[in-house]
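Below: one structure, written as structure tokens.
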Amino acid sequence: MPAHRIIAADALAAPRPFRAFAVRSDEPRHAWDARAPYARLHVVRTCFVDAAARAALVAAGYARVDIAETFAVDYAATTWAELAGLAPTVPDLPGQVARALQATGVLGDAPAAYDRSVATRVDWLASRGAGFHNDVGRHWSRCLFWILALDVDDVEFVVPHAGVRVALAPGELVVFDQTMAHGLCRPRDAGVAKAESFAEGDAGRQLFLTGEIEIDDAQWAALGSPRQPVEAHAALGALDLMVAQFDDRSGAVQRPAALKDGMKRSTCHVDEALR
């Protein structure tokens with residue numbers, strides 16, 4: 001297995017009047033429950049993409065996206081077959097990614113679970129820095145995200161409410177809970193996302209491969225983030241990450257007092273017929 005670091009993401013700082021975070025869903029089957037954020041971030045050091053393959057992937061990826069503006073983030077769909085054609089010196093690229101994900105243990109020990117997860121989707125993800133935001137719509141509240149760094153330099157992955165700052169290097173694969181606010185910052189900016197720090201030509205851009213890891217209810221429980229009725233999270237003073245808005249520079253939650261009624265059945269995010 002490749003080298004693997006686990007970074008604690010459980011020292012969460014919620015804004016008043018809240019004392020915790022939780023994420024609800026806009027899926028009918030999860031309308032009345034929520035889960036706490038996953039309390040770890042995984043960084044797996046890989047070495048299966050050689051320099052020539054990385055250069056070919058980077059050139060192809062940037063050609064598919066538009067990140068001319070600072071803080072621009074753009075996705076482009078790709079396939080493992082396309083990626084294999086671009087990087088023929090990398091044997092079984094999806095299998096290599098799956099084994100890196102297996103090192104995290106988020107889907108248990110069985111290799112097949114990671115193979116299936118990787119096969120479902122892979123995208124290019126390009127950015128020019130990234131202001132703080134989260135990803136919670138559609139099915140994403142039941143997923144973790146992974147990113148494999150292809151082109152990064154002098155950049156940190158930051159989760160401000162968990163106090164996490166991780167310097168990124170090419171070849172590193174990061175698994176994280178995207179329902180928490182996250183962004184890309186320069187180390188010199190001390191955890192603040194500054195668009196002006198990413199304005200300088202090619203040096204300001206980043207490229208990743210990315211995908212989703214779908215987690216079922218039993219697996220969330222095993223990871224320490226079980227789905228529970230919204231009333232249980234209301235009793236903990238939880239802020240609903242489905243409705244939170246973040247300042248893109250600092251990550252501060254905007255107008256938190258206006259969100260105080262989020263953990264109620266009357267404020268679910270799905271069709272009125274379910275209420």
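Which residue is nearest to the chain's Cα centre (by Cα), if the candidates are limited to the range 222-266 and must be without any contact (Cβ under 8 Å) to a residue 12 or more places away in the chain and under 29 Å from GLY183 (Cβ atoms)?
GLN245
Which fully enclosed strands (runs of 3 or more DSSP E) of the range 68-169 have 3 or more residues being among the hydrophobic types (A, V, I, L, M, F, W, C)?
Numbers: elements: 73-77, 123-127, 130-133, 143-151, 156-159, 164-167.
Hits in the range 68-169: 73-77, 123-127, 143-151, 156-159, 164-167.
So which residues in the range 80-104 are β-branched (Val, Ile, Thr) and without any contact (Cβ under 8 Å) to a residue 60 or more places away in the chain, if there are any at all? Explain how you work it out, then say what you get.
Residues of the range 80-104 that are β-branched (Val, Ile, Thr), as a first pass: 89-90, 97, 104.
Of everything in the range 80-104, those that are β-branched (Val, Ile, Thr) and without any contact (Cβ under 8 Å) to a residue 60 or more places away in the chain turn out to be THR89, VAL90.
What number of residues within the range 167-214 satisfy the criterion of being of a type in the set (A, V, I, L, M), crowded, with 22+ Cβ neighbours inside 10 Å and farther than 30 Å from ALA52 by Cβ?
3
When you check SER127 against the structure, is it at pLDDT below 95 and within 16 Å of the chain's Cα centre (by Cα), yes or no? Can you show your working first?
On the way: at pLDDT below 95: no; within 16 Å of the chain's Cα centre (by Cα): yes.
Answer is no for this residue.
Pairs under 8 Å by beta carbon, first residue under 10 Å from THR89 (Cβ atoms) in the range 47-71, partner among the hydroxyl-bearing types (Ser, Thr, Tyr), six or more apart or different chains?
ASP50/THR89; ALA52/THR89; ALA53/THR89
Tell me, please, whether a residue that is acidic (Asp, Glu), in a loop (DSSP other than H, G, I, E, B), on the phi > 0 side of the Ramachandran plot and over 16 Å from the mean Cα position of the chain (by Cα) can be found in the range 40-57. Give the derivation first.
Initially, the range 40-57 is screened for residues acidic (Asp, Glu), giving 50.
When the remaining residues are screened for being in a loop (DSSP other than H, G, I, E, B), the result is 50.
From what's left, on the phi > 0 side of the Ramachandran plot: none.
Checking the range 40-57: not a single residue is acidic (Asp, Glu), in a loop (DSSP other than H, G, I, E, B), on the phi > 0 side of the Ramachandran plot and over 16 Å from the mean Cα position of the chain (by Cα).
Filter the range 182-220 down to the residues that are in contact with an Asp or Glu (Cβ under 9 Å, 6 or more places away or on another chain) and among the aliphatic types (A, V, I, L, M), then identify the one that is farthest from LEU239 (Cα to Cα).
So the residue we want is ALA203.
What about ARG227, is it out of contact with any strand residue (DSSP E or B) (no Cβ under 6 Å at 6 or more places or on another chain) and over 23 Å from ARG16 (Cβ atoms)? Show your work before the answer.
Details: out of contact with any strand residue (DSSP E or B) (no Cβ under 6 Å at 6 or more places or on another chain): no; over 23 Å from ARG16 (Cβ atoms): yes.
Judged against the criteria, ARG227 is not a match.
Residue by residue, here is whether (1) in contact with a helix residue (DSSP H, G or I) (Cβ under 9 Å, 6 or more places away or on another chain); (2) acidic (Asp, Glu); (3) in a helix (DSSP H, G or I); (4) surrounded by fewer than 21 Cβ atoms within 10 Å (Cβ to Cβ) holds:
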{"position": "ALA22", "(1), (2), (3), (4)": "yes, no, no, no"}
{"position": "ASP26", "(1), (2), (3), (4)": "yes, yes, no, yes"}
{"position": "ALA60", "(1), (2), (3), (4)": "yes, no, yes, yes"}
{"position": "VAL65", "(1), (2), (3), (4)": "no, no, no, yes"}
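Looking at (1) more than 30 Å from VAL58 (Cα to Cα); (2) in a helix (DSSP H, G or I), which is the only condition SER197 fails?
(1)
Any chance the range 208-222 includes a residue that's farther than 30 Å from GLY61 by Cα, of a type in the set (A, V, I, L, M, F, W, C), part of a loop (DSSP other than H, G, I, E, B) and in contact with a strand residue (DSSP E or B) (Cβ under 8 Å, 6 or more places away or on another chain)? Full working, then the answer.
Residues of the range 208-222 that are farther than 30 Å from GLY61 by Cα, as a first pass: 216-222.
Next, from what is left, pick out any that are of a type in the set (A, V, I, L, M, F, W, C): 218, 220-222.
Okay, now just the ones that are also part of a loop (DSSP other than H, G, I, E, B), so none.
No.
List every residue pair whose Cβ atoms sit under 8 Å apart, with the two residues 6 or more apart in sequence or on different chains, where the first one lies in the range 105-117 and is more than 19 Å from ILE6 (Cβ to Cβ) and the second, anywhere, is of a type in the set (Lys, Arg) and buried (at least 17 other Cβ atoms within 10 Å of the Cβ).
What qualifies is PRO111/ARG99.
Just the residues that are under 25 Å from ALA252 (Cα atoms), surrounded by fewer than 23 Cβ atoms within 10 Å (Cβ to Cβ) and not hydrophobic (A, V, I, L, M, F, W, C), please, taken from the range 140-159.
ARG142, ASP154, GLU156
The values are calculated or read from the model by the stated rules, or taken from the named source; none is laboratory data. As the structure is a prediction and not an experimental result, all values here were calculated from the model. Cβ sites come from the backbone with ideal geometry, for glycine too, and all protein chains shown count toward neighbours.
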